[in-house]
Amino acid sequence: MSRQTTSVGSSCLDLWREKNDRLVRQAKVAQNSGLTLRRQQLAQDALEGLRGLLHSLQGLPAAVPVLPLELTVTCNFIILRASLAQGFTEDQAQDIQRSLERVLETQEQQGPRLEQGLRELWDSVLRASCLLPELLSALHRLVGLQAALWLSADRLGDLALLLETLNGSQSGASKDLLLLLKTWSPPAEELDAPLTLQDAQGLKDVLLTAFAYRQGLQELITGNPDKALSSLHEAASGLCPRPVLVQVYTALGSCHRKMGNPQRALLYLVAALKEGSAWGPPLLEASRLYQQLGDTTAELESLELLVEALNVPCSSKAPQFLIEVELLLPPPDLASPLHCGTQSQTKHILASRCLQTGRAGDAAEHYLDLLALLLDSSEPRFSPPPSPPGPCMPEVFLEAAVALIQAGRAQDALTLCEELLSRTSSLLPKMSRLWEDARKGTKELPYCPLWVSATHLLQGQAWVQLGAQKVAISEFSRCLELLFRATPEEKEQGNRDTYFHLLQTLKRLDRRDEATALWWRLEAQTKGSHEDALWSLPLYLESYLSWIRPSDRDAFLEEFRTSLPKSCDL
């Protein structure tokens with residue numbers, strides 16, 4: 001025994017080991033406690049006990065006989081702290097670095113070691129580990145924690161280099177991180193070793209599942225479902241908790257849907273629904289699958305079930321005092337097929353799909369429910385449309401008005417339009433400068449005038465449905481006035497359908513002079529642009545224009561042209 005170890009005394013080492021084992025047992029008792037407050041207090045007490053024990057051990061000069069216990073305490077402390085915090089912090093990286101420096105202190109012969117980063121420290125420690133066989137098990141546990149920390153931080157390059165060094169491959173021939181993780185072979189734990197919360201093999205299993213899932217999901221998001229399959233299958237076959245398995249099966253279903261295998265996709269989605277209560281992602285994916293198959297009824301039923309599922313609070317289990325797969329997964333990605341959003345966002349998808357598929361009555365009810373949900377939660381901000389998956393509040397109002405008109409509820413649509421105008425019209429006088437800038441094309445088109453003009457357009461259509469043609473003309477004219485003020489000249493072609501609808505109405509009312517003037521505008525636009533040009537229009541305009549686009553538009557315009565006096569012919 002070395003002089004250092006003699007000074008420490010075997011009795012102290014035994015006491016420290018007993019304290020470590022007692023604290024690990026306490027943490028495990030806390031894990032099984034059904035009382036949340038008691039569970040948390042026991043775990044916190046165990047954490048503080050491990051912190052104090054580690055402080056005592058690191059207060060002495062580093063000694064090889066003591067290091068297995070010291071590294072074990074370090075690993076237990078990091079595992080418990082990360083699980084309680086449900087994440088890693090820079091403190092854990094510093095704990096690992098301090099442990100590596102302690103290992104190297106036992107190998108120093110002369111002079112201080114130059115300051116090194118974690119990567120360099122690991123290289124030095126793993127090279128020295130052949131001289132320290134008694135530290136091998138503890139070092140592999142520390143490798144597992146370092147791998148978990150780097151995986152959660154997306155430092156995959158550093159992780160691959162660490163595993164290459166650990167596996168004895170210095171050539172850099174294998175950059176396949178999944179293969180490197182599978183190749184890693186931690187040594188078996190000794191029966192008389194100090195107690196640990198999680199051994200190296202357990203950490204390896206968690207890392208394999210987490211990385212395979214992350215890799216598969218990333219391939220799916222970037223449009224490579226065929227490449228995603230093998231990684232997702234690897235994740236499903238590993239140590240995969242049920243909530244994660246639901247996501248894996250849903251991702252596999254999405255892969256098969258995108259690859260044109262709807263039956264296999266459906267099998268995986270059914271399996272996902274059977275695995276647990278997190279039904280959101282598989283139900284959303286099922287709606288996409290049924291939409292792709294053209295089964296609108298099943299699609300809408302899936303969305304209705306999804307809305308109900310999102311209304312039920314998730315019953316999440318208390319996290320284990322371990323490094324779990326969920327701890328190593330990336331935060332939710334809006335581009336992920338597994339992201340099902342909020343209840344209001346899903347309710348909007350359901351309402352809009354009803355509107356797009358001609359179920360106007362259902363769409364109207366869903367939109368009214370959605371507005372009630374949004375308006376009850378908080379005062380909505382009227383702002384430019386955000387990125388998907390949802391529109392802004394004024395556009396929800398407009399889509400709802402379209403649905404009400406299409407369902408034959410013109411009076412309700414007018415009430416909704418008046419509510420929208422009361423919320424937006426006050427902003428219009430403040431926007432004259434914006435209108436002028438937009439007209440000149442020097443700034444982006446302001447949204448508010450477009451919302452207000454669209455509101456007048458829908459009011460006009462509602463009055464047409466109620467038989468009040470003169471009031472309808474007034475609303476259509478107000479719509480065009482706002483568009484003329486706000487729309488850049490090169491974009492006046494998005495207004496042709498409105499012109500055409502107004503021309504039809506003026507002709508029915510026998511207002512010949514106004515109809516002729518409007519016809520001239522249409523003719524001038526037709527000469528300066530392609531008739532069949534396509535524009536990306538919001539849903540409320542797409543739905544509206546689908547009612548007023550007659551298949552014989554060209555015949556109507558030609559008939560109107562021939563009815564003009566000869567002096568008006570082109």
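The values are calculated or read from the model by the stated rules, or taken from the named source; none is laboratory data. Bear in mind the structure is a predicted one, so any value in this text is a computation, not a measurement. When we count neighbours, we look across all protein chains shown, and the Cβ atoms used for this are built from the backbone with ideal geometry, even at glycine. Quick note on the areas: whole protein, heavy atoms, side chains included, nothing else; ligands and nucleic acids left out. Shrake-Rupley method; radii C 1.70, N 1.55, O 1.52, S 1.80 Å.
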What pairs can you find where one residue is in region 262-283 and buried (at least 21 other Cβ atoms within 10 Å of the Cβ), the other is of a type outside the set (Ser, Thr, Tyr) and not in a helix (DSSP H, G or I), and their Cβ atoms are less than 7 Å apart, with a gap of 6+ or different chains?
Ala278/Cys314; Gly280/Cys340; Pro281/Leu338; Pro281/Cys340
When the residues of region 436-489 are narrowed to those that are in a helix (DSSP H, G or I), modelled with pLDDT under 70 and over 20 Å from Leu522 (Cα atoms), which ends up least open to solvent (accessible area, probe 1.4 Å)?
Ala438
Testing Arg242 on (1) modelled with pLDDT of 95 or more; (2) open to solvent by 50 Å² or more (accessible area, probe 1.4 Å), one condition comes back false. Which one is that?
(1)
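Report those helices (runs of 4 or more DSSP H) wholly inside region 160-272 carrying at least 3 residues which are of a type outside the set (S, T, N, Q) and within 30 Å of Leu47 (Cα to Cα). Before the answer, list the steps.
Numbers: elements: 177-183, 200-221, 225-237, 242-258.
Passing ranges, in order: 200-221, 242-258.
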Could you identify the single residue in Leu327, Leu350 that is farther than 25 Å from Asn76 by Cα, assigned to a helix (DSSP H, G or I) and open to solvent by less than 50 Å² (accessible area, probe 1.4 Å)?
Leu350
